[in-house]
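Enquirer: First the structure, which I've put down as C-alpha cells, then a few questions once you've had a look.
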Amino acid sequence: MTFQCQRDCYMKEFVTTVLSCCPGELKQEIGGKKETVKGFTVKLKDTILFPEGGGQPDDHGLIADIPVLRVTRQGQDAAHFVGSPLEVGQEVQVKVDWQRRFDHMQQHSGQHLISALAESMFGYVTTSWELGRQRSNIELDTPAVKPGQVQALEEAANEKIRAHIPVNVKLLYGDSPELEKVRSKELPDDHAWPIRIIDIEGVDANMCCGTHVSNLSHLQVIKLLGTEKGKKNKTNLIFLVGNRVLKYAEKSYCTERSLVALLKTGPDEHVEAVDKLQKSMKLVQKTNLTLLRDMAVIITQNFKNDPNRGNFFSLHKKEGDNEFMNIIVNEMNTEETLVFLTVGEEKGPGMFLLAGPSEQVTAMGPRLLELLQGKGAGKNGRFQGKANSLARRSEVEALLQQHCNRHTSKEQ
C-alpha cells in the first residue's frame, strides 16, 4: 500500500477517517534520559504523515490539532502515536510539519542523486545511508575517496540540479521490464506489489518508500563536506542539501565573526592566529608546571624547618594537580606526619590526597570520601581520588586534626 504522502509529497493538509485508536506507549529521550510516554496508537484510512523507513525519519504533524509524536509502519498500515484519544469513525484533518518534511525530501532526493553519480562516475556503490539531524552521510563500498573525486562529484550533482531534471514516482509490478533498470533490487520480506520507484530522469531509478522532490531544482544546492573512515573497507561521505547548506553557511559566518572579534584578525589569518595561541599556551603551561613543582618543594621545606610544626599538615591549592600533591608527599616524612592535600575549586569538584601512617590513613580514608562526596582508594599509607565537592573541606581538616591530637595523646 502507498500512502497519500507517497502519492503527493507536497500535500500539507489532508482529511481522512480514524480506523482505530488503542492505548499505547512510546519510548522517548527527554533531557538525555529515556522515558516511556503513555498515549494512543491511531491508524487512519490514509495519511500524509510518512512512517519512518528507507533511512528516512518519520514526519511530525497534527491530527485534529493533536500533536503526532511518532509515525511507524505496522505491516501495510501507518501507526500514529498521539497523547489524546480519537474517536473511531471520526473525520479528522491531518497537517504535516512542512519544514521537517521538506528538509527530509531534500536530503533523501539528494542522497539518491549523490549515490547514483558516485556509482556511475567512480563505481562506488552505496551500502547504506543516514539522514541525521544536522548532516547526513552515505556509506560507500570503498576504502577511500580522493579529494579530487569528492569535488568532481559535488560539481556533477550541482550541474544536475541546475539542469532542472524531473523526479518521477513510478509504481511497477513484477513483470515490468523497467525493473531491470532499477539500481537497487533488494525487496523487504513483507513487500507487496506494486513496487515504488523514484526515477530521476536519465540519472537514476531506485526502489524507495520515502518522500522526494518532484524536480532536482528543488534541492537548491548540494555541499559535500568531506569523508570519514567508515566500517571495514567503507567510507562515509558527509553531505548537506538545500536549506541545510544555507543554515550551515549562516552558522559558519556567525562563527567567523566571533573569531574575528576574539582573535583580532581577519578570517584568512584565523588558523595562523590559533596556532600561535596554542604554542603560547603550551609554553605558559610548561612554565606554570615548573613553578608549581618549585612551590611544592619550598612549601615542604618551610614546614620541615618550622620548629613548632605538629604532626599534621594541610594545604589547598586551586591551581595544583596530582603531581603537585605527590611532590609534597614525597618530600614529607609521612611516617610521622599526616598530610591532607586538595586541589581544584574551593567549593566545587577537585582532587584529594591523604598520606601518613598507614593505620591513620586506613581509618580516616572512608570518612574523607563521605564528606567530600568522592571516589578513591588507597594503599601503603596513601589514599587519593576525586571529590565531587570540596565545600566541606574544612570539616575534613578539623576531623583529621582531632584524630592526630588523639593519636598523639595516646602515644604520650
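Enquirer: Go through the range 24-33 residue by residue and tally those that are under 23 Å from the mean Cα position of the chain (by Cα) and at pLDDT 85 or above. Let's see the steps before the verdict.
Expert: Of all residues in the range 24-33, those under 23 Å from the mean Cα position of the chain (by Cα) come to 26-33.
Imposing the further condition that a residue be at pLDDT 85 or above reduces the set to 26-27.
Result for the range 24-33: 2.
Enquirer: Looking for whichever is within 14 Å of Arg101 (Cβ to Cβ), crowded, with 19+ Cβ neighbours inside 10 Å and in contact with a Ser or Thr (Cβ under 6 Å, 6 or more places away or on another chain) here; the options are Phe14, Phe3. Which one fits?
Expert: Phe3
Enquirer: Which residue, of His164, His112, is assigned to a helix (DSSP H, G or I), at pLDDT 95 or above and not β-branched (Val, Ile, Thr)?
Expert: Testing whether each residue is assigned to a helix (DSSP H, G or I), at pLDDT 95 or above and not β-branched (Val, Ile, Thr) leaves just His112.
Enquirer: Still on this model: Scan (1) surrounded by fewer than 15 Cβ atoms within 10 Å (Cβ to Cβ); (2) part of a helix (DSSP H, G or I); (3) touching a helix residue (DSSP H, G or I) at 6+ places or on another chain (Cβ under 7 Å) for the single condition Leu292 breaks and write down its number.
Expert: Status for Leu292: all satisfied but (1).
Enquirer: Something else about it: On the basis of being farther than 15 Å from Val94 by Cβ and in contact with a Gly (Cβ under 9 Å, 6 or more places away or on another chain), does Pro57 make the cut? Give the steps one after another, and end with the answer.
Expert: Working: farther than 15 Å from Val94 by Cβ: yes; in contact with a Gly (Cβ under 9 Å, 6 or more places away or on another chain): no.
Spelling it out, it is not the case that Pro57 is farther than 15 Å from Val94 by Cβ and in contact with a Gly (Cβ under 9 Å, 6 or more places away or on another chain).
Enquirer: Here's another thing I want to ask about it. Step by step: first the residues of the range 99-152, then only those that are of a type in the set (Phe, Trp, Tyr) and more than 25 Å from the chain's Cα centre (by Cα), then the one that is surrounded by the fewest Cβ atoms within 10 Å (Cβ to Cβ). Which residue is that? Let's see the steps before the verdict.
Expert: Of all residues in the range 99-152, those of a type in the set (Phe, Trp, Tyr) come to 102, 122, 124, 129.
Checking the rest, the ones that are also more than 25 Å from the chain's Cα centre (by Cα) come to 122, 124.
On the way: Phe122: 15, Tyr124: 20.
Here the answer is Phe122.
Enquirer: Within the range 216-264, can you find the residues that are closer than 18 Å to Gln99 by Cα, part of a helix (DSSP H, G or I) and β-branched (Val, Ile, Thr)?
Expert: If the condition is that a residue be closer than 18 Å to Gln99 by Cα, part of a helix (DSSP H, G or I) and β-branched (Val, Ile, Thr), then Val245 is the only one that fits.
Enquirer: Let me ask something else. List every residue pair whose Cβ atoms lie under 8 Å apart, where the two residues are 6 or more positions apart in sequence or sit on different chains, the first residue falls within the range 298-311 and is in contact (Cβ under 8 Å) with a residue 60 or more places away in the chain and closer than 15 Å to Glu335 by Cα, and the second residue, located anywhere, is outside any loop (DSSP other than H, G, I, E, B) and not β-branched (Val, Ile, Thr).
Expert: Filtered contacts from the range 298-311: Gly310/Cys404; Asn311/Leu338; Asn311/Cys404; Asn311/His407.
Enquirer: Check off (1) in the same structural domain as Gln360 (by TED's automatic domain parsing); (2) among the basic types (Lys, Arg); (3) loosely packed, with under 12 Cβ neighbours inside 10 Å for Lys317 and give me the number that stays unchecked.
Expert: (3)
Enquirer: Only strands (runs of 3 or more DSSP E) wholly contained in the range 42-85 count here; list those with 1 or more residues that are over 25 Å from Gln107 (Cα atoms) and within 30 Å of the chain's Cα centre (by Cα).
Expert: Once the strands (runs of 3 or more DSSP E) in the range 42-85 are filtered for at least 1 residues that are over 25 Å from Gln107 (Cα atoms) and within 30 Å of the chain's Cα centre (by Cα), what remains is 66-74, 77-82.
Enquirer: May I ask you to list the residues in the range 239-276 that are hydrophobic (A, V, I, L, M, F, W, C) and either exposed (fewer than 12 other Cβ atoms within 10 Å of the Cβ) or within 26 Å of Ser136 (Cα to Cα) (or both)?
Expert: Listed by number, the residues that qualify are Phe239, Leu240, Val241, Val245, Leu246, Ala249, Cys254, Ala261, Val271.
Enquirer: Scan the range 17-34 and give yes if some residue there is in contact with a Cys (Cβ under 7 Å, 6 or more places away or on another chain) and not β-branched (Val, Ile, Thr), otherwise no.
Expert: Filtering the range 17-34 for residues in contact with a Cys (Cβ under 7 Å, 6 or more places away or on another chain) gives none.
Within the range 17-34, not a single residue is in contact with a Cys (Cβ under 7 Å, 6 or more places away or on another chain) and not β-branched (Val, Ile, Thr).
Enquirer: Specify which of the listed residues (Glu154, Glu87, Glu139, Glu159) is of a type outside the set (Val, Ile, Thr) and not assigned by TED's automatic domain parsing to the domain that holds Thr227.
Expert: Glu87
Enquirer: Counting only residues that are at pLDDT 90 or above, aliphatic (A, V, I, L, M) and either over 27 Å from Arg406 (Cβ atoms) or not in a helix (DSSP H, G or I) (or both), how many does the range 328-372 have?
Expert: Here the count works out to 8.
The values are calculated or read from the model by the stated rules, or taken from the named source; none is laboratory data. All of these numbers come straight from a predicted model, not from anything done at the bench. Reconstructed Cβ throughout: ideal geometry from the backbone, glycine too, with neighbour counts over all protein chains shown.
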